[in-house]
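One structure is given below, encoded as structure tokens.
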Amino acid sequence: MSTIPFNRSNQLLDRIEHPSSSIYSNLLQLCLQQRALEGTKRVHSHIKRSNFLLGVSSYNRIIDIYCKCGSLVDARKVFDEMSERDLCSWNTMVSGYAKAGRLKDARNLFDEMPERDNFSWTAIISGYVRHGFPIEALRLCRAMLKDYNVRCNKFTVCSALAASAATQSLTIGKEIHGHIVQTGIDFDAVVWSALSDMYGKCGSLDEARHIFDKTSDKDVGRRVSPVLGNKPNEFTFAGILNVCALYNLESLGRQVHGYMGRIGFNQSSFAASALIHMYCRCGNTEIADRVFKWVPNPDLASWTSLINGYAQNGQPEESLKLFEALLESGTKLDHITFVGVLSACTHSGLVDKGLEYFNSIKEKHGLAYTIDHYACVVDLLSRSGRFNEAGDIIKKMRMKPDKFLWASLLAGCRIHGNLDLAKRAAEALFKIEPENAATYVTLSNIYAAAGKWAEVAKIRNLMDVNKVVKKPGRSWTEIKRKVYTFLMGDTSNPRLNEIHTSY
């Protein structure tokens, strides 16, 4: 909708001495559709001047518009000035804070709530997941189920499953799976996708594949229809596409894409960003770029999917070019976008530029650093041999370094032969995941490159003591709607020639 009708409506509003509630309601709806912050302020100011008595639901709507326009200060002012609030008032404000990454404010308000419903819990839990605090999200989820006896809905469990995937907590993920079964939550595409993603990221590939098979069939129409009925929506498509991305099933993803085109779907929906993500994960950034350009008003998820996709597929220049375009668009950023940007700087060797982006996360964009940001910048610095700076950043962290950060540091030590720091990083990794053979092998290779054969022998002995076995790599590919799994160097598959031809 253009801004002309809105401006004319505002002019008309100034001429009406006693506007009705319907006029205010229509104007606020226009403000919401256009994300018109200044327009919202004008309407709100007019309501105050006219001494018009709004109901609680109308004030809730104003809070919601301010939140969606990014003006949390105005939203909180309206909230604080309300003489009467209902549950929706609290939920809207908590959700606004959580989506914007202001988790401390969201949590303080959440703790003050006189009552909470499922939306309240989902808003705060999903906020922690979205902004890189999955452990706190899982703590809240446990509290919700055990202490407050609130029944989850599919949105809550999907957030909890995402947190389990982020922390690779398979045990907790299985508990959530059991809760879904016990409470009878509908197994739709969103839930199936979240379950499959959780099992896959936790390393339980057989279970992930089993989950995926439950949503699959020969024909894409039949793959989609059993999940959400005969009228699949954007949630269905996004769920199936995310599973395609997880298993690099581009041929199935293309079928879903074609099916979406045949039945028609909202190009601005988050299913479009799921399409971009799927093509990027399958290595086809060319089609991902076409989909992105085809979306009339790309949201942040679409921008981020393509930025990260370029970075992951060895196209850092394209990633950074797109990020600069995102900055020029005025779209408000979140922490996920910067993961791809920092990764692109690492692969391009743009260390100083990467540090500039890293510093801007907090200083310019007002976002909180996440463990992913720290892991990326440590990777950036250690790969270039700037270990002192990497060490300074680790010391200043307000959170405990995770395995990805230490693994990044260890990889940098291997490139530059930093034995002392490699030992420190490896020892930290041994404590976090003593069964991971990659750490032992990497440290052994570092010692071998330096001619420290006695240390190499110690590492191999430690592997024997801890019963660590290096597992062979495993890959899978889809041929004629069937997925084939094979080990590295495996020549036993009867369709080996077809598999090689497909690449």
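Select, from 238, 245, the only residue that is at pLDDT 80 or above, out of contact with any Gly (no Cβ under 7 Å at 6 or more places or on another chain), in a helix (DSSP H, G or I) and of a type outside the set (Val, Ile, Thr). Give the derivation first.
Details: 238 fails: at pLDDT 80 or above.
Only one candidate passes the filter, namely 245.
What single numbered condition from (1) out of contact with any His (no Cβ under 6 Å at 6 or more places or on another chain); (2) touching a residue at least 40 places away in the same chain (Cβ under 8 Å) fails to hold for residue 132?
(1)
With respect to residue 150, determine if the residue is without any contact (Cβ under 8 Å) to a residue 40 or more places away in the chain, surrounded by fewer than 21 Cβ atoms within 10 Å (Cβ to Cβ) and not in a helix (DSSP H, G or I). Before the answer, list the steps.
Details: without any contact (Cβ under 8 Å) to a residue 40 or more places away in the chain: yes; surrounded by fewer than 21 Cβ atoms within 10 Å (Cβ to Cβ): yes; not in a helix (DSSP H, G or I): yes.
Here the answer is yes, as residue 150 does meet what is asked.
Report, by residue number, each residue of the range 347-375 that is in a helix (DSSP H, G or I) and of a type in the set (Val, Ile, Thr). Before you say what the answer is, go through the steps one by one.
Of all residues in the range 347-375, those in a helix (DSSP H, G or I) come to 347-348, 351-363, 371-375.
Result: 351, 361, 371.
Quick check, is residue 372 surrounded by 17 or more Cβ atoms within 10 Å (Cβ to Cβ) and acidic (Asp, Glu)?
Numbers: surrounded by 17 or more Cβ atoms within 10 Å (Cβ to Cβ): yes; acidic (Asp, Glu): yes.
In short, yes.
Name every residue in the range 127-146 that is among the small types (Gly, Ala, Ser), modelled with pLDDT under 90 and in a helix (DSSP H, G or I), in order of residue number. Show your work before the answer.
Taking the range 127-146 first, the residues among the small types (Gly, Ala, Ser) are 127, 132, 137, 143.
Now restrict to residues that are modelled with pLDDT under 90: 132, 143.
The answer is 143, and nothing else.
State all residues of the range 425-453 that are surrounded by fewer than 15 Cβ atoms within 10 Å (Cβ to Cβ) and among the basic types (Lys, Arg); if no residue qualifies, say none.
Result: 431, single match.
The values are calculated or read from the model by the stated rules, or taken from the named source; none is laboratory data. Worth saying up front: this structure is predicted, and the values here are computed from it rather than measured. No Cβ is skipped: glycine too gets one built from the backbone with ideal geometry, and neighbour counts run over all protein chains shown.
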